[in-house]
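Notes for the one structure printed next.
What follows is calculated from the coordinates using simple rules that are stated; it is not laboratory data. Quick caveat, the model's predicted, so the values are computed rather than measured. Heads up, the Cβs are rebuilt from the backbone with ideal geometry, glycines too, and the neighbour counts pull from every protein chain shown.
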Amino acid sequence: MTDSSQFAGTILAVVTRSLLQVAESKGLPGDELLAAAGLVRADIASPDAYLPIERHVALGVAMTERMGRVNGGLHSGVAIFGDPRGALGFAIRRSGVHGRALTQFARFLSIINDSLRLSVQPAAEGVSVCVEMVPSLEALGHPTEALFSAWVSIARFATGVRWAPERVLFRHAPWGPASEHREFFACPVEFGAPRSELVIGSANLLLAIEPKAHPFDAVVDRLERHLLTAAAAPRAAVIALTAALRAGPLATGAGHPPALLIDAARFASEAALPAFETAFLLGFAGVRELAAELGR
């Protein structure tokens, strides 16, 4: 069983809102589901609002009760995490190869959900993608399936290859027919395993991702123009920062002047970019850390 003390126990409203949108797309009554979870629409209006993970779990429980014995998580993952227009989509398009994109996905999840951790570990075949989460979230089963199916769908779309994992293991039992999992993943799938993991082969980690144009290219262009005219940092520092951003989100501790990063974050905030996307793009550890730097 996962030790819940290692997690903060919160989740950003952007994830809960996406989950509700999935429910409503299936014809479920959104307001009733929110009420069952002790939420109202105002609670999820801001994507950067923190919610107790138990409210999110309660929404998942209410959805599960309405849907019955179906593999809801398997079919909803890409709808929750797979919007190609956002910062994660930009990161994936700038990753170059599948394996590097996977590490961006894990970091993105660490920012939007304090109640789980996706780790990428070496395995004999390539890597093992392991997920740990608070027990109440793990017990649903659907969230783990949503994460694994989301990544497989995202990476298939980004690489243009219908690749298959080596194997997939889940700690929980299937909600619906296990044949759906085998058909989707196109590999052996085991339930009741000691831990949940998605094993990806080395060759598939090297699948190329074409760096197509993305809406965030224009965001970086506007940021560069702003910083060149308004920031106190030298021109060379601004050019180095924006050149790095054009290649994808910054790594934490990438070495850019802290004051310049704060100027960039303020511009992103004024441009109405969600704080979770700003934190992800500029290498901050999360929304709370970004708010602290901005004095909020």
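Listed values, structure above:
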| read-out | value |
| --- | --- |
| Karplus-derived HN-Hα couplings along the range 169-174 (A = 6.51, B = -1.76, C = 1.60, θ = phi - 60°), whole Hz, x at Gly and Pro | 10, 10, 6, 8, 8, x |
| 5 angstrom amide H check on ILE11, placed H, neighbours 5+ away | LEU51, ILE53, ASP114 |
| Separation of the GLU24 and GLU210 label points, Cα + 7 Å toward Cβ, nm | 3.4 |
| Principal-axis tilt of helix 53-67 within the chain, Cα atoms, nearest 10 degrees | 40 |
| Ellipsoid semi-axes in whole angstrom, largest first, where each is sqrt(5λ) of the Cα gyration tensor of the range 107-231 | 33, 19, 13 |
| Efficiency of FRET from Cβ geometry, ASP83 and THR229, R₀ 30 Å, rounded to 0.05 | 0.40 |
| Under Karplus coefficients 6.51, -1.76 and 1.60, residue-wise ³J(HN,Hα) of the range 98-105 in Hz, glycine/proline x | 3, x, 5, 5, 4, 5, 5, 4 |
| Efficiency of FRET from Cβ geometry, SER202 and ARG162, R₀ 25 Å, rounded to 0.05 | 0.90 |
| Peptides ranked, highest mean first, by Cβ atoms within 10 Å: ranges 237-246, 213-222 | 237-246, 213-222 |
| Protection proxy ranking, peptides 35-44, 99-108, 149-158, average beta carbon neighbours within 10 Å, highest first | 149-158, 99-108, 35-44 |
| GLY176 long-range amide H proximity, modeled H, under 5 Å | ASN71 |
| Helix 142-159 vs. the chain, principal-axis angle (Cα, 0 to 90°, nearest 10) | 60 |
| Added length on full extension, which subtracts the Cα-Cα distance from 0.36 nm per residue, ASP217 to SER110 | 36.2 nm |
| Backbone HN-Hα couplings from phi across the range 8-25 [Karplus 6.51/-1.76/1.60, Hz, Gly and Pro as x] | 6, x, 10, 8, 6, 4, 4, 6, 4, 5, 5, 5, 5, 4, 4, 4, 5, 5 |
| Cα→Cβ-extended label distance, 7 Å offset, between THR103 and VAL40, nm | 4.5 |
| Orientation-averaged projected area, Cα convex hull of the chain (nm²) | 15.4 |
